[in-house]
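Notes to accompany the following structure.
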Amino acid sequence: TLGWWREGGLWTAGASDLRIRGADFGARLRAELHFPGEARRPRVDLAAIVDPSPVPTAGKFWVQGKMPPATIEWLDRALLGGSVEQGRAVLAGDLADWPFRNGEGRFDARARVSQARVAFNPEWPDAEAMDLDVAFDGPGMTLEGEGMILGNRVRRVAGGIADFRDPRLVLDIEAPADGESLQALMLASPLRARFDEHLRNASIRGPAEVRLSLDLPLAARLGGRRIDGTIDLAGARLRDPRWDIDLR
């Protein structure tokens, strides 16, 4: 149902139970566009339920001109596979104030992402089999979920990008691991540049618990990355033939 009416000299266009279908996406929505005149952008009130769709389809809906090119480039490069499910979105406010950084309006989009493959940083192996709850709140996004990275289970990953204007991807990761697979991951990461000799010669065997914090700038102007973390070993064996060390 489509409507077009005037109230107090101002025009409004509305739609209820509107069905939109594309080649690889679809949605059902209700919406109103209020045209205030005087060359101002319209106010929109919209609620949508999004059909299941492939993760890369999200690239068709980035807000050009309001999201920095570096952010869009990272999103397009990072989201490699998986499916978006249980998607819904609410948008309310004057579009001149988008993305409502100071609370002038409301944008809330949420979805469940299943079995995703994410290349979150070109220097790290891709994360795979990711099951994530993702939320966009206008100026930024948050995520939380679980998955795998190079054979290591990620029990919990949480974080996001606080503001797309200054895009920094901040992630907190908790992962139970085996010493051998963890060592392989470190050798495939930026840690190798600094600790290559030790990672290649020392060996860890046994269970480990990893807690890692990543702060990855998505634009060069934001400076360098930060990697902090701890590895707790339980009943492990540590060997280093260079020093004839064999700790059990």
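The values are calculated or read from the model by the stated rules, or taken from the named source; none is laboratory data. Worth saying up front: this structure is predicted, and the values here are computed from it rather than measured. Backbone-built Cβ (ideal geometry, glycine too); neighbour counts: all protein chains shown. Quick note on the areas: whole protein, heavy atoms, side chains included, nothing else; ligands and nucleic acids left out. Shrake-Rupley method; radii C 1.70, N 1.55, O 1.52, S 1.80 Å.
General remarks:
- Conditions (1) within 16 Å of the chain's Cα centre (by Cα); (2) open to solvent by 40 Å² or more (accessible area, probe 1.4 Å); (3) modelled with pLDDT under 95: number failed by residue 146: (3)
- Residues (aromatic (Phe, Trp, Tyr) and crowded, with 17+ Cβ neighbours inside 10 Å) located in segment 54-78: 74
- When 193, 188 are screened for being free of Cβ contacts under 8 Å to residues at least 60 places away in the same chain and either of a type in the set (A, V, I, L, M) or under 19 Å from residue 223 (Cβ atoms) (or both), only 193 passes.
- Looking across segment 214-224 at every residue that is in contact (Cβ under 8 Å) with a residue 40 or more places away in the chain and in contact with a strand residue (DSSP E or B) (Cβ under 8 Å, 6 or more places away or on another chain), the one that is farthest from residue 199 (Cα to Cα) is identified as 222.
- For first residues located in segment 115-126 and loosely packed, with under 14 Cβ neighbours inside 10 Å, partners that are at pLDDT below 90 and assigned to a loop (DSSP other than H, G, I, E, B) and lie 6+ apart or on another chain with Cβ distances below 6 Å form the pairs 123/190.
- Checking 184, 193, 208 one by one, the residue that is under 16 Å from residue 153 (Cβ atoms), surrounded by fewer than 18 Cβ atoms within 10 Å (Cβ to Cβ) and of a type in the set (A, V, I, L, M) is 184 and no other.
- Selected residue [open to solvent by less than 30 Å² (accessible area, probe 1.4 Å), more than 25 Å from residue 131 (Cα to Cα), of a type in the set (Gly, Ala, Ser) and in contact with a strand residue (DSSP E or B) (Cβ under 7 Å, 6 or more places away or on another chain)] from 93, 87, 81: 93
- Filtering segment 42-82 to residues that are of a type in the set (Asp, Glu) and closer than 15 Å to residue 141 by Cβ leaves only 76.
- Tabulated pairs, segment 96-109, first under 18 Å from residue 135 (Cα atoms), second surrounded by 14 or more Cβ atoms within 10 Å (Cβ to Cβ) and of a type in the set (A, V, I, L, M), C-beta under 6 angstrom, 6+ apart or interchain: 105/92; 106/92; 107/91; 109/89
- Any pair with Cβ under 8 angstrom, 6 or more apart, that starts in segment 59-74 at a residue that is over 19 Å from residue 22 (Cβ atoms) and ends at one that is in a strand (DSSP E or B): 71/161; 72/64; 74/169
- Cβ separations smaller than 9 Å between residues 6+ apart or across chains give the following pairs from segment 163-183 residues that are closer than 19 Å to residue 224 by Cβ to residues that are at pLDDT below 85 and open to solvent by less than 10 Å² (accessible area, probe 1.4 Å): 167/71.
- Where a residue in segment 131-150 is of a type in the set (Ser, Thr, Tyr) and its partner, wherever it lies, is not in a loop (DSSP other than H, G, I, E, B), with Cβ under 7 Å and at least six apart: 142/135; 142/160
- Taking segment 1-53 as the region of interest, the strands (runs of 3 or more DSSP E) fully inside it that hold 3 or more residues being surrounded by 10 or more Cβ atoms within 10 Å (Cβ to Cβ) and among the hydrophobic types (A, V, I, L, M, F, W, C) are 10-21, 26-35, 43-50.
- Note on segment 215-248: residues that are open to solvent by less than 70 Å² (accessible area, probe 1.4 Å), within 23 Å of the chain's Cα centre (by Cα) and at pLDDT below 90 amount to 8.
- Of the residues making up segment 36-71, those that are within 30 Å of residue 6 (Cβ to Cβ), at pLDDT 80 or above and among the aliphatic types (A, V, I, L, M) number 5.
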